[in-house]
Structures are given as structure tokens and as C-alpha cells.
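The values are calculated or read from the model by the stated rules, or taken from the named source; none is laboratory data. These numbers come from a predicted model, not from an experiment. All Cβ positions, glycine included, derive from the backbone under ideal geometry; neighbour counts span all protein chains shown. The protein model used for the area step is the full one, side chains on, heavy atoms only, and it has no ligands, DNA or RNA in it. Shrake-Rupley method; radii C 1.70, N 1.55, O 1.52, S 1.80 Å.
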Amino acid sequence: MPDPNVYNDRVVTVLVVLSLVWAIAGMGAGVFIAAELVWPTIDLGQEWLSYGRLRTLHTNGVIFGFGVSALMATAFYSVQRTSHVPLFAPKLAWFCCIAWNLAVLLGGISLLAGWTSGKEYAELEWPFDIGITIVWLAFAVVFFGTIANRKVKAIYVSNWFYGALIIVIAMLHVVNSMAIPITIGKSYSLFAGAQDAIVQWWYGHNAVGFLLTGGFLGMLYYFLPKHADRPIWSYRLSIVAFWAFTYSYIWAGPHHLHYNAIPEWVQSLGMVMSIILLAPSWATMVNGVMTVAGAWEKLKTDPALKFIVLALAFYGLATFEGPMLSIKSVNVVSHFTDWTVGHVHSGALGWNAMITFGTFYFLVPRLVGAALYSVRLANIHFWLALAGTMLYVLSMWGAGVSQGLLWLSLDELGELSYGFRDIMASMTPYYALRFVAGAIFLSGAILMFYNFVKTMENRTTVVRRIPDVTTARSAVEAVA
Amino acid sequence: MTFVPIDVLVQGGQLFARLEQATASASVVVFKDILPLALIPPIFLYLGSLQFGWQIGAEDVIRLNQATLLMISVCYFLALLLGFIGLAILLRWMAPTYAATLEMSRHLTLVATVATPMVVGSIAHLYPHVFVNMLAIIPVLIWSMFLLYRGLPIVLRTTPQQGMLMASSLIGIVLVAAVTLLGITVVLWTHGFGPSLGL
Ligand code: HEM
């Protein structure tokens, strides 16, 4: 019988470690495919090492392995603290942890073997889709069960974001994965043609929205005030931004399909809703920046806060660049270029990875009840992460804008001036720089991994008692 | 008398202590440090393009006639000059939030300091091949960021912690400004200004 007076933190520790393993593996795959774009023959003629297969391994590894494990870990950690109860159904939480990671592992192997549905970020075939649905339902039961048991009346804003993550991803995943199986490893989508495209990018964009943005905002809203040791600058703004974000995001998907065979008005709607999205996104950024600005003394003692500061800066960049790229007269040049890839990674490296690193530097020492093994290594990691991200973004801006120009250039006869092969060959310098940038970023992550291994060595997760709720409640009400 | 660009190159560990002592007025810093810094890259670009022509990719070398080249170089100079001064104004605007100094000359000095490695790196413009210029960016960018984070609290007289926050905010703003410029350029292209595109 689990003790009702202590938090369930062991599952959090395990999820953090698994997330770190996926970070290294997924980014390692990213660096390898970046190298393949410079030296195409390093696939050694092996199908499973080819770009097409490893690219999906990279995206699935970082998003579902690294990202979702980190989100599960932090959701389990923070929902207990903000509800003042242990996890509802802790065994089910262990099931989530193990089954999810097994699904990503086996799914990754199936991608290497060539199974794919061909839908971006939803490549895994139908047996995995069913498995993922079951795990996700279990995640929902644990999370919302814990909230239902809570001893504090208010539901703190981080839980709204984690809750939206769970509900919306369930909806997106189930609808977009509907398919008719042909064999164990192949199925065909239930939707056809333009409809399939719209459903796919409704899924794809909102996976970015509710997982890579919303889920990680849950992380921000819990861990930033913890780091800063003061409440969020404006709680009201955070709630307003939550609802504005939720309502506008869900419509933005068609900006992935500009000038495609979908109705013109759907494209324009997608563009308008994308531009509106800037408002809640920047409201959140301002809220974060002002929270840190008032707590600058904390930077003296907390190496991790730096990562969060930088994450906010890149969050600001990515959420500005996104609406801009969805303007049709920008998109007509930027689409099908590396500008998109640069945009993705200013979010992925600068925001998702950076905020997760910052959170883990806070969390790991607390979980095992020890000081961080080396603050110096963490500081070096910070520099590597910053340099890697900057170089990545710059190289892809350069590549993207010149590609946009070269794809569309006409000669005197009105014919396209350059062929695909010529343009790709001219990209080598940019791709080489991106490879270096990725290697720098990855080496930082490896340092962090080593730092945590040393911090956790010979230790187990500390058992923490749940503090008395009456004092906690008066604290919350004082803030409200 | 200090010359920021020279100091950055030769002073090493003493650099920030010297800059901390600097007393020149804002207009002096503009003429003595900012102006030369803004002049050098356009000159390199002009000479390199005249000699070798630009190689953006896809085989052919882009050769522009002398008049066009001169115009591009002058625009480049003006953009750098306005950019540097604009950055200093921006820093001053943020200064109260991070308890930094309001002296404009110090903000300009910081901009000159951070820009120096980039200007040195622009020597790669002499051989205007994208690969060479990309290679130059790596060390130069890291050096500039180091100067920004290390130098900001000292030159602008704030705590290292608030300096860190201010430097990060600056990076965020510069990146947003850069991407806005890219966006505006592209919109101009799609509306018929600049290169002829098949749209
Ligand atoms: C070491 C760091 C990384 C490197 C070197 C790297 C490299 C790459 C490369 C080469 C691609 C393929 C681009 C193409 O096909 O043209 C890619 C795509 C992608 N990566 Fe990464 N990556 C890294 C980290 C991450 C992280 C941390 C995330 C997410 C949290 C991420 C998310 C993605 C996504 C979503 C795409 C697909 C982009 C698109 O389809 O437009 N990457 N990455």
C-alpha cells in the first residue's frame, strides 16, 4: 500500500533519465543526418542508415522520446505539488513510463526497418498508433485523477497547459491515425487527397502547438516561478493567454498548405489565425521575462535559470518568425526551403531543449537530494547550447533565403535558371555549418548527461513528505 | 585615448577594465570607433566583389558593374552605421529595467566592442565565396557573444546577473529584427522589387 503522505517521485526520476537518453540518441541521429547532407555516402549503402529513415528516427526520437518523456516527468512532478496529493494510480504512472518508452523504442526500430505511414510526425504504423492511444489514456487517468483528488481549490495554470496537452493530443492522434490496415506493417489513411492533407496538418501543426509549445509552457509556468522563488509576474495574463492560445492555435494548420490544392479561403483563414497567435505567444514571453527580471539575484546561485532566460528569448523569436512565415507572400519564397528547418530548430533547440535543460538542472539535484556535481560543466553547457543554436539558425537562414531565390530565378527566356541538383550542390557550405552547430549543441547535451550521472551516482530518489495543506492553501489564496 | 576596435584585439584581459575607465563623449565614440567599424566591411566587400565576383551557389559567379557595386557598398555602410547606433539606442532603452547606466557613450562603446570581431571576420568578404564566409562566422560569432556577455555588465555598470539578462534580451531582439529584415526583403521580392522571380 503506497504511503498517502509522500510524493511519488521515483517514476519522475526514471522518466528524466529516459528523456536524457533519448535526447542524446535523437540529437545524435540529427547530427548524423546533417552529416549525410554534406557527405551523402556515409550511409554505406545500408537502407536503415539512409537519410529518409534516419530523419524520421530523429524527429520521433526528439519529439516523442526526449520531449514527451520530459513532459510526463515534469507533469507528474508538478501536478502532485500543485495538488498536494500523491499521484492517482501510481502503478498506472509506471505503466505510462515503461510502455511509452517501449513504444518509442520499437517504433524507432520499425522506422529503421522501413515501416511508415508517410505522415509527418505520425509515421508510426497502426499497431503503434493503437499502443500510443492506450498509453495516452493511462496518462490522462493519472493526471486528471490526481487533479480530481487535489486538496487545493485552484487549479494552477501549469496544469491547464498539461491538461490541454493531454486532451488535444489524444484528439489529434486518434483522428489523424484513422486508417485501414493492409498488413501488420502497412495501412492506408481513411482520408483521401486534399482532405488527408488538411487533417494531417491539423494534426501536425497542433502537435507543435499543444505538445512542443503548450506542454512546454506548462513546464515554464511551474518551474520558472520555482527557480525565481516568486509568483509569476501576472497570473491573470497567463490565464488569458492560455485561452487565447488554445482557441487560435487549432485553426492555424492550413498555413502548411499555402498554394496547395486546398480551398483558397482555408489558406487565408490559416494565415489570419497564425498572425493572431502572435499576441498570446508574446504575452507569455513578456510574463516570463518580467518574472525573471524581478528575480535576477537568483542567477547568482542557480546555473539553470540562465537556460530559461535564453529559452524565453528563442521562444520570442520562434513565435514571431512562425506568424511571419505564414504570411502568403513570405511563404511563397520560404516554403520548401531550409528557412523552415531553421525556424523549427530555433524553437526546438532554443526553446524546447533549452527549457528542458534548465528544468532538469533544477529537478535532478532535488530528486536525488544532492548538489549538482559540477556547476562549471553546467556553465560550459550553457555556452555550447547558445553557440550551437545561434549557428544552426544562422546557417539555415542563409541556406533558406538563397534557396528561395534560386528555386524561383528565371533566365532571359523565362525558364528556371537553376536545376534542383545545382542548387542542392551549392548548399554544402550551409549544411557543413549546420553540422558543426549540431555537433556543438550535442556535445553540450553530453556534458549535461555526464554531470547528471555523477550527481545521481550511488543515490536514490529522496522520499518527500507532502507539506501541510492549510499553510499551502493560504499561500495560494494570498497570491490569488 | 582608447580605440575600442584596437583594444579588443590587443588588450586581452585588460580590455574591460580599460573600457570601464573610458570617458569619451557619445559623439566622439561614434566618430572614432563606430564609423571606422562600419566602413571596413563594405570596403572589403567592394574590393572582393570587384576582384572575384560573388559566389552564392549554383555555379555561376555573380559579377556586378562598378557602379552597382559601389551603391551596394554604400548601402551596406549605411545599414551598418544605423544598425550600430540603433542597437545602442535599444540598449539604452532597456537600461532602466536592468539598472544599467544611461550614458549613451557607454552603450555605443559596448556595441563597438561586440562588433569588432565581426568586422575582423568580414575580411572574408575579400574572397566572396559563401563557404569562406561561413567558415569565418563560427569563431567570430562565438567571440562576439563572449564579449557581449562578459563586457555588458562592466561597460554598462550593472550586476553580472542583470547583465546576463540584458544580454539575452538583446540577442532575442536582434534575432527578431534580423528575421524581420529577411521577411521584408522577401515580401519586396514577391512584389516585383529586386531579382526577377517566377511567381
Ligand atoms: C543536435 C541537434 C539537432 C540537429 C543537428 C538536428 C538536425 C536536423 C536535420 C538535419 C533535420 C532534417 C532537415 C531536412 O530534412 O532538410 C531535422 C529536422 C527536424 N528536427 Fe532536428 N536536429 C537537432 C535537434 C532537434 C531537436 C532538439 C528537435 C525537437 C525538440 C528537433 C526537431 C526536428 C523537427 C521537428 C524536424 C522536421 C523539420 C521539418 O520537417 O521542417 N531537432 N533536424
### Candidate set from region A:426-450 (those that are near the ligand (Cβ under 10 Å from one of its atoms) and not hydrophobic (A, V, I, L, M, F, W, C)); member that is surrounded by the most Cβ atoms within 10 Å (Cβ to Cβ)
A:434
### Task
Scan region A:344-365 and give yes if some residue there is open to solvent by 40 Å² or more (accessible area, probe 1.4 Å), out of contact with any Pro (no Cβ under 7 Å at 6 or more places or on another chain) and modelled with pLDDT of 95 or more, otherwise no.
yes
### Query
Among the residues of region A:202-260, which ones are of a type in the set (Val, Ile, Thr) and closer than 20 Å to residue A:304 by Cβ?
A:232
### Message
Restricting to region B:150-170, give me the number of residues that are within 10 Å of another protein chain (Cβ to nearest Cβ) and not β-branched (Val, Ile, Thr).
### Response
11
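Quick one: count up the residues across region A:225-261 that are of a type outside the set (A, V, I, L, M), more than 19 Å from residue A:322 (Cα to Cα) and surrounded by fewer than 20 Cβ atoms within 10 Å (Cβ to Cβ).
Of the residues in that region, 8 qualify.
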### Message
Would you confirm, using the coordinates I've provided, whether residue A:133 is closer than 27 Å to residue A:235 by Cα and more than 16 Å from the ligand (Cβ to nearest atom)?
### Response
no
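Given the structure, is residue B:70 loosely packed, with under 14 Cβ neighbours inside 10 Å and farther than 16 Å from residue B:157 by Cα?
For residue B:70, the condition - loosely packed, with under 14 Cβ neighbours inside 10 Å and farther than 16 Å from residue B:157 by Cα - is not met.
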### Message
Can you tell me how many residues within region A:426-435 are in a helix (DSSP H, G or I) and in contact (Cβ under 8 Å) with a residue 60 or more places away in the chain?
### Response
6
### Task
Taking residue A:124 as the residue in question, decide whether it is within 19 Å of the chain's Cα centre (by Cα) and either of a type outside the set (Lys, Arg) or more than 19 Å from residue A:69 (Cα to Cα) (or both).
yes
### Query
Wholly within region B:11-112, which helices (runs of 4 or more DSSP H) include no fewer than the required count, namely at least 2 residues that are modelled with pLDDT under 85 and closer than 17 Å to residue B:128 by Cβ?
B:35-51, B:66-94
### Query
Among B:146, B:131, which is the only one that is within 9 Å of chain A (Cβ to nearest Cβ) and closer than 19 Å to residue A:299 by Cα?
B:146
### Task
Could you check how many residues of region A:314-339 are part of a loop (DSSP other than H, G, I, E, B) and surrounded by 24 or more Cβ atoms within 10 Å (Cβ to Cβ)?
1
## Note on the structure
Those residues of region A:9-22 that are within 13 Å of the ligand (Cβ to nearest atom) and open to solvent by less than 20 Å² (accessible area, probe 1.4 Å) come to a total of 2
### Task
Run residue A:273 past the list (1) within 13 Å of chain B (Cβ to nearest Cβ); (2) open to solvent by 10 Å² or more (accessible area, probe 1.4 Å) and report the number of the one that doesn't hold.
(1)
### Message
Exactly one condition in (1) more than 9 Å from every other protein chain (Cβ to nearest Cβ); (2) more than 17 Å from the chain's Cα centre (by Cα); (3) away from the ligand (no atom under 16 Å from the Cβ) is false for residue A:281; which is it?
### Response
(2)
### Task
Return yes or no: is residue B:89 away from chain A (no Cβ under 14 Å) and open to solvent by less than 60 Å² (accessible area, probe 1.4 Å)?
no
### Message
So the check is Cβ under 8 Å with 6+ separation or different chains; which pairs have a first residue in region A:361-372 that's small (Gly, Ala, Ser) and a second one that's part of a loop (DSSP other than H, G, I, E, B)?
### Response
A:369/A:459; A:369/A:462; A:370/A:459
### Query
Residue check: is residue A:119 without any contact (Cβ under 8 Å) to a residue 24 or more places away in the chain and of a type outside the set (Asp, Glu)?
no
### Task
Only residues in region B:171-191 that are at the interface with chain A (Cβ under 7 Å from one of its Cβ atoms) count as the first member; pair them with residues that are surrounded by 15 or more Cβ atoms within 10 Å (Cβ to Cβ) and of a type in the set (Gly, Ala, Ser), Cβ under 6 angstrom, at least 6 apart or cross-chain, and list the lot.
B:171/A:313; B:172/A:313; B:172/A:316; B:187/A:329; B:190/A:329
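Say we look at region A:130-139 and pick out the residues that are open to solvent by less than 20 Å² (accessible area, probe 1.4 Å) and within 20 Å of the chain's Cα centre (by Cα); which of these is farthest from residue A:199 (Cα to Cα)?
So the residue we want is A:139.
Go through region A:203-280 and tell me which helices (runs of 4 or more DSSP H), entirely inside it, have 1 or more residues that are of a type in the set (A, V, I, L, M) and touching a His at 6+ places or on another chain (Cβ under 8 Å).
Hits in region A:203-280: A:264-276.
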### Query
What helices (runs of 4 or more DSSP H), lying completely within region A:340-425, carry at least 3 residues that are more than 10 Å from chain B (Cβ to nearest Cβ) and within 11 Å of the ligand (Cβ to nearest atom)?
A:354-368, A:375-408
### Task
Tell me, please, whether a residue that is farther than 21 Å from residue A:385 by Cβ and open to solvent by 20 Å² or more (accessible area, probe 1.4 Å) can be found in region A:300-308.
no
### Task
Kindly indicate whether residue A:6 is away from the ligand (no atom under 11 Å from the Cβ) and at pLDDT 95 or above.
no
### Summary
Apart from one, (1) more than 10 Å from chain B (Cβ to nearest Cβ); (2) of a type outside the set (A, V, I, L, M); (3) over 21 Å from residue A:446 (Cβ atoms) all hold for residue A:315; the odd one out is (1)
### Task
List the number of the failed condition for residue A:68; all other conditions in (1) free of Cβ contacts under 8 Å to residues at least 40 places away in the same chain; (2) among the β-branched types (Val, Ile, Thr); (3) under 23 Å from residue A:217 (Cβ atoms) hold.
(1)
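The rows are residues; the columns are (1) of a type in the set (Lys, Arg); (2) touching a Phe, Trp or Tyr at 6+ places or on another chain (Cβ under 8 Å); (3) under 25 Å from residue A:114 (Cα atoms).
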site	(1), (2), (3)
A:128	no, no, yes
A:133	no, no, yes
A:140	no, no, no
A:151	yes, no, no
A:155	no, no, no
A:158	no, yes, no
A:161	no, yes, no
A:164	no, yes, no
A:168	no, yes, no
### Task
Check region A:23-38 and report whether any residue there is touching a residue at least 12 places away in the same chain (Cβ under 8 Å), away from the ligand (no atom under 13 Å from the Cβ) and assigned to a helix (DSSP H, G or I).
no
### Message
Could you check region A:39-56 and list, in sequence order, the residues that are touching a Leu at 6+ places or on another chain (Cβ under 7 Å) and within 11 Å of the ligand (Cβ to nearest atom)?
### Response
A:56
